[in-house]
Amino acid sequence: MRPIKDRTFAMLLIVPAAILVFGIVLFPLLQTFWYTFQNMDITSSSYGETAGLENYKQLLGDQGFWETVGRTAYFTGFSLFLQLSLGILIALLLNEDLRGKTFLRSIFIIPWAVPTIVNGAMWKWIYHPEYGALNAFLNQIGLIDEYRSWLSDPTVAIHMVMFADSWKMIPLVTIFMLASLQMANKSVYEAAMLDGAGVLKRFYHLTLPYLKPTILVVLVMRTMDLFKVFDIIYATTRGGPANGTLTLTYEAYLTSFVEVNYSKGATISYLIAFMVALLTFVYVKTLKKGEE
């Protein structure tokens, strides 16, 4: 009888946490999923009626939605390339026997510790067309003759936001890569150097295999974050100019809380989740094939 009592006691301990998880996580997820099959547009005369797959059909047939998907994919891909390449490069430098490397490693994480909304406000000031630090610096070194409005051109603005986000996240990627490099077998590198292997050969045949598992973790983690990027957009451009920095998550926010069309906003959110899951699956399969 005692095992049954123990099991009952264990269940009693789990139930409050389970109720909390259901109330905070599962219930909103299920309700949002239900919204995707309803007409939850407050401005519509058919509000509250069942829509079936109509929300998905309208969204997938909307050219503007696919433009936003492409913009989000570009933002994700370019930022990933920038953060991974610079993160690995800086990690390789910090892994060397440099003077003051402990101090450098300590302060390098500071940008990541800055809250994203503060980071966005700081970069918005740096990009300011009249008194921004970027204009002042470029003007002083002679690269520009007059101050420019970096966030008023759609093509330029999206890259400026990428740089602002990368400034914050590159330190985190670097720490991940540096931790992997610290676990590498130094004797293997010494043997490769004695055999005449150059820097590039050592990097390709020794360093990259060590980093592959970490690269996978960073790819999955950063893809999820970047594909649903919101806060840095909100803090800098609010999706402008001319929708030049409008991403999927920001569009879901505008649709749900500005246009008060909860069904369309919920549909966008679930399509984001599907795309992120698909990308994650592709990453894992590709890297596993590479290891085989």
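The values are calculated or read from the model by the stated rules, or taken from the named source; none is laboratory data. Values in this document were obtained by computation on a predicted structure and should not be read as measured data. Neighbour counts run over all protein chains shown; Cβ positions are idealised from the backbone, glycine included.
Numbers for the structure displayed
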{"item": "Filter result (within 21 Å of Val229 (Cβ to Cβ) and in contact (Cβ under 8 Å) with a residue 60 or more places away in the chain) within the stretch 22-37", "result": "Thr32"}
{"item": "The stretch 50-79, subset more than 11 Å from Thr247 (Cα to Cα) and in contact with a helix residue (DSSP H, G or I) (Cβ under 7 Å, 6 or more places away or on another chain), residue modelled with the lowest pLDDT", "result": "Ala51"}
{"item": "Meets criteria (surrounded by fewer than 18 Cβ atoms within 10 Å (Cβ to Cβ) and free of Cβ contacts under 8 Å to residues at least 60 places away in the same chain) for Leu206", "result": "yes"}
{"item": "Qualifying residues in the stretch 115-132 (those that are surrounded by fewer than 15 Cβ atoms within 10 Å (Cβ to Cβ) and not in a helix (DSSP H, G or I)) - the one nearest to the chain's Cα centre (by Cα)", "result": "Pro115"}
{"item": "Helices (runs of 4 or more DSSP H) enclosed by the stretch 224-292 - at least 2 residues per element that are farther than 15 Å from Thr72 by Cβ and among the small types (Gly, Ala, Ser)", "result": "262-291"}
{"item": "Residues of the stretch 128-156 that turn out to be touching a helix residue (DSSP H, G or I) at 6+ places or on another chain (Cβ under 8 Å) and in contact (Cβ under 8 Å) with a residue 40 or more places away in the chain, as a count", "result": "1"}
{"item": "Residue list for the stretch 38-85, restricted to those being closer than 30 Å to Leu211 by Cα, loosely packed, with under 15 Cβ neighbours inside 10 Å and in contact (Cβ under 8 Å) with a residue 60 or more places away in the chain", "result": "Tyr74"}
{"item": "Number of positions in the stretch 119-135 that are closer than 16 Å to Ser166 by Cβ and not small (Gly, Ala, Ser)", "result": "7"}
{"item": "Residue that is surrounded by the most Cβ atoms within 10 Å (Cβ to Cβ), among those in the stretch 225-284 that are more than 23 Å from Asn39 (Cα to Cα) and of a type in the set (S, T, N, Q)", "result": "Thr247"}
{"item": "Exclusive hit being assigned to a helix (DSSP H, G or I), closer than 27 Å to Met221 by Cα and within 19 Å of the chain's Cα centre (by Cα), set Phe65, Phe27, Phe75", "result": "Phe75"}
{"item": "Any hit, the stretch 68-90, residues being among the aromatic types (Phe, Trp, Tyr), closer than 22 Å to Leu254 by Cα and out of contact with any strand residue (DSSP E or B) (no Cβ under 8 Å at 6 or more places or on another chain)", "result": "yes"}
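Residues are listed down the side, and each one gets a yes or a no for (1) assigned to a loop (DSSP other than H, G, I, E, B); (2) of a type in the set (S, T, N, Q); (3) more than 17 Å from the chain's Cα centre (by Cα):
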{"residue": "Leu134", "(1), (2), (3)": "no, no, yes"}
{"residue": "Phe137", "(1), (2), (3)": "no, no, yes"}
{"residue": "Gly142", "(1), (2), (3)": "yes, no, yes"}
{"residue": "Ser166", "(1), (2), (3)": "no, yes, no"}
{"residue": "Leu172", "(1), (2), (3)": "no, no, no"}
